[in-house]
Amino acid sequence: GEGEPYHKITWDGKNKKKKTVKDGIYHLVLAETDKAGNTVSSVPVSVEVDNSPPTCRIGLDNKLFSPNDDNVLDDATISLKITDAHYLEWKLSILDDVGKLVKIFAGKGENPEESLVWDGKDDNKRDVIDGNFTYLLEATDIAGNKYRTSPGSIQIDRTPPVINAEASPMLFSPNKDGIMDETSFIFKIRDASPLDYWKLEIKDSSGETVKVFKDKINIEGSIQWDGKGDSKRTLPDGTYSWTVEAVDMVGNSSKISPQKIVIGATRPTISVKPDLDIFSPNADGFKDSVKFSLEVSAFNRIKEWKLKIMKDKDEVERTYTGLGNPPPAVSWLGEKDNKKPLPDGKYSYIFEVTDEVGNYVATPLESIVIDNTKPQVSVSVQPAIFSPNGDEFKDKVSFVLEYRDESSAEQWDLEIENYENKICRKFSDKGNPPFTIVWEGKDKDGNILKDGIYNYLLRVQDIVGNSINTTRKILKIDNTPPHVQLSVEPTLFSPNNDGVKDTTTFYLDYRDASDIAEWILKITGPEPAVKTFKGIGRPSQIISWDGKNNRDNILPDGVYNAVLSIKDEVGNEGKSPSIQIKIDTFKPLVSVVTEEEPVNALIPMISINKETDRGMVISLAAELLFALGEEELKPEAKVILNKVAHIIKKYPDRKISMEGHTCDLPIHTPRFPNNQILSEERTKSVLRYFVEELKLSPDRFTTKGFGDTKPITSNATEEGRRKNRRVEIILVK
């Protein structure tokens, strides 16, 4: 310039071209020239042009830390490097997530340390709250050049992870039945920081770890556990504990308290037992119901139970059911679910149990029987008549017992009663009756019972109380030999075929409580057994003898003896006193009858009575018509009946009533159980002869048998019994 220089000159660092000069040291010299041309220069003054801001670098060893004094990432180290020759000051600022300054590190005139440590506290030495922070570094040199780093992020996380976890179901049964074989661990881990790892640990009751699930990846969902341990084997039933632990990247950790989980894979052990296998619900107060005892042993709690009674597998008649444990016992009255009674028969029952994890178990089907039906029983005796007299013939009887029932017998009694219905011998026992019982005719003290008629019956009660007894049947003891009498008429005869007393007639009289088995009439003389008559069953009461021996030769004149022996059906034998018969063939050989005798004279055993209220009564002795104990007509009877028919034909307008009568000697044969039936059949035999042989009209006749109910005289003697055995033919008025 010209003139006086300015007192102050400002340089803006630009050159003549108005461009900023480069950084560097420049020298300022003031030269002055006066008008005289004298020039003077000042001492050069150095000035530095610096337009370059400081160079700053900042680093962070860990962008995430947790200042919680756990010695794990408790602080953050920030590395600093500022490059500039002429800086004036620096500042490291840390701001929270809303931009509020919480911490400043600053310095002037000197380089900061290469690293700074932030302990998570603010400028007031208080812990800042967890969250995300930003940090930045600012530096200003003496030339006013500034540099600010880009904001960096840093996070403080003192809070441990939050774990929400549960197991469902808490009880499961890993037995591969398809029902609750697995459990699910459902958990969620929340943390501000990434997780380092999480761990699900399962321990047994002794505290030993049996299964571990572990991962570094946070999981939101569930983990399925099949009940196997780390050994790959299914763990035994029992109570286990489990816990979940989570650790984040800054070492914050949390662990839930141990939780229980139960493995119950074992099925329940059950049993059902009825107190009766067969019962009779008939309200008789005895075995009317059956009680099923129910037992359950289970690791798990019982969910439900059922007791089912079935007719077959598909037809359930009665069901008992409930939740939880069953009662100790259930009683069944034999009814359906609708309370109606079930019919007799065999049923099945099954006990079913399901526990709370679905383990199902059932007992095998077993049978139970309803029996309201009385037993079918029978008893018979062989023989029905016996003689316990020690002769080894029919000394005993055998009772044949038959028992048929769905149920077994509880008690049986075979009772033998006398005529007063007093028990004189009793056989009894528990269980089913035997097939046979042998009785020797003795009472309970071992004494032989008296002769007579006894009753016997069988009483049986089955195990469910159904009882029955048979009707009384007759049994007879007969130790008495038959009473036998023998007579003969005439005692003197001459078997010389002259028509006069050529034969003699033996009259057999006998009485016995039993039927006759066999008989023999022996005639002896100079030689033993010159003539015998014998037979089976009852003998005829009249036997004619023509004086011939067993070889059909006429015996010589002389005196002969006759004895009748009769043995009854139980072996008792009776003999008549011996009687004498004399044969004399040296008497006159011819006898003339000059006058025809009437019927009553020719046949003394026929009587005709015309003067009765009933009409004309023709009474015929049974011996003329029938063999003893038989209904078939004898051949000689036809002659007599022909004469009677001649009389009947004289009265064609009269009805004919025929009545049969017997004595009181009992008869007991399969064909004729009693005398009434025998007398009835005899009148029918006479009727058949009149109708079929003699061609009389059957419309005129009626028949009836009275047995021994209408005697005409006493039965105390053989003569009286002979008279009472008759057939009466009545021509009704």
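The values are calculated or read from the model by the stated rules, or taken from the named source; none is laboratory data. Note that the coordinates shown come from a computational prediction; the quantities given were computed from them, not determined experimentally. Every residue, glycine as well, gets a Cβ built from its backbone with ideal geometry; the counts of neighbours run over all protein chains shown.
Numerical summary
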{"read-out": "Residue satisfying condition, being within 17 Å of Leu414 (Cα to Cα) and either of a type in the set (A, V, I, L, M, F, W, C) or under 49 Å from the mean Cα position of the chain (by Cα) (or both), within set Ile474, Ile523, Ile463, Ile516", "value": "Ile474"}
{"read-out": "Residue that is surrounded by the fewest Cβ atoms within 10 Å (Cβ to Cβ) [pool: residues in the stretch 410-427 that are farther than 21 Å from Lys476 by Cα and not charged (D, E, K, R)]", "value": "Gln411"}
{"read-out": "Verdict on Ser79 being within 15 Å of Ser150 (Cβ to Cβ), surrounded by fewer than 20 Cβ atoms within 10 Å (Cβ to Cβ), more than 60 Å from the chain's Cα centre (by Cα) and of a type in the set (Ser, Thr, Tyr)", "value": "no"}
{"read-out": "Yes/no for Pro604 being modelled with pLDDT under 90 and under 30 Å from Ser514 (Cα atoms)", "value": "no"}
{"read-out": "Top-ranked residue in the stretch 83-106 [being crowded, with 19+ Cβ neighbours inside 10 Å, modelled with pLDDT under 90 and outside any loop (DSSP other than H, G, I, E, B); ranked as nearest to the chain's Cα centre (by Cα)]", "value": "Trp90"}
{"read-out": "Candidate set from the stretch 323-354 (those that are on the phi > 0 side of the Ramachandran plot and without any contact (Cβ under 8 Å) to a residue 24 or more places away in the chain); member that is surrounded by the most Cβ atoms within 10 Å (Cβ to Cβ)", "value": "Gly324"}
{"read-out": "Restricting the stretch 292-322 to residues that are part of a loop (DSSP other than H, G, I, E, B) and in contact (Cβ under 8 Å) with a residue 24 or more places away in the chain, the residue that is surrounded by the most Cβ atoms within 10 Å (Cβ to Cβ)", "value": "Asn300"}
{"read-out": "The lone exception for Thr713 - which of (1) over 23 Å from Leu641 (Cβ atoms); (2) touching a Gly at 6+ places or on another chain (Cβ under 6 Å); (3) in contact (Cβ under 8 Å) with a residue 40 or more places away in the chain; (4) of a type in the set (Ser, Thr, Tyr) it fails", "value": "(3)"}
{"read-out": "Near pairs, Cβ below 9 angstrom, 6+ apart or cross-chain, from the stretch 633-646 (of a type in the set (Val, Ile, Thr)) to any residue that is surrounded by 13 or more Cβ atoms within 10 Å (Cβ to Cβ) and at pLDDT 90 or above", "value": "Ile640/Leu620; Ile640/Leu625; Val644/Ile618; Val644/Leu620; Val644/Val686; Val644/Phe690; Val644/Ile729"}
{"read-out": "Residues satisfying the stated conditions in the stretch 197-234, i.e. among the charged types (D, E, K, R), assigned to a strand (DSSP E or B) and buried (at least 16 other Cβ atoms within 10 Å of the Cβ)", "value": "Glu201, Lys203, Lys211"}
{"read-out": "Residue in the stretch 52-65 that is farthest from Val250 (Cα to Cα), counting only those that are in contact with a strand residue (DSSP E or B) (Cβ under 7 Å, 6 or more places away or on another chain) and not in a strand (DSSP E or B)", "value": "Pro53"}
{"read-out": "Residue satisfying all of: in the stretch 485-515; modelled with pLDDT of 90 or more and among the β-branched types (Val, Ile, Thr); surrounded by the most Cβ atoms within 10 Å (Cβ to Cβ) among these", "value": "Thr504"}
{"read-out": "Filter result (of a type in the set (Ser, Thr, Tyr) and surrounded by 19 or more Cβ atoms within 10 Å (Cβ to Cβ)) within the stretch 235-279", "value": "Tyr240"}
{"read-out": "Per-region count, the stretch 472-530, residues more than 16 Å from Glu569 (Cβ to Cβ) and among the β-branched types (Val, Ile, Thr)", "value": "9"}
{"read-out": "Answer from Ala517, Ala513 - the residue that is among the aliphatic types (A, V, I, L, M) and assigned to a loop (DSSP other than H, G, I, E, B)", "value": "Ala513"}
{"read-out": "Pair list, Cβ < 7 Å and 6+ apart or interchain, from the stretch 83-101 residues that are assigned by TED's automatic domain parsing to the domain that holds Thr140 to residues that are at pLDDT below 90 and among the basic types (Lys, Arg)", "value": "Leu88/Lys108; Glu89/Lys108"}
{"read-out": "Complete set of residues in the stretch 323-338 that are assigned to a strand (DSSP E or B), within 30 Å of Lys374 (Cβ to Cβ) and in contact with an Asp or Glu (Cβ under 9 Å, 6 or more places away or on another chain)", "value": "Ala329, Glu335"}
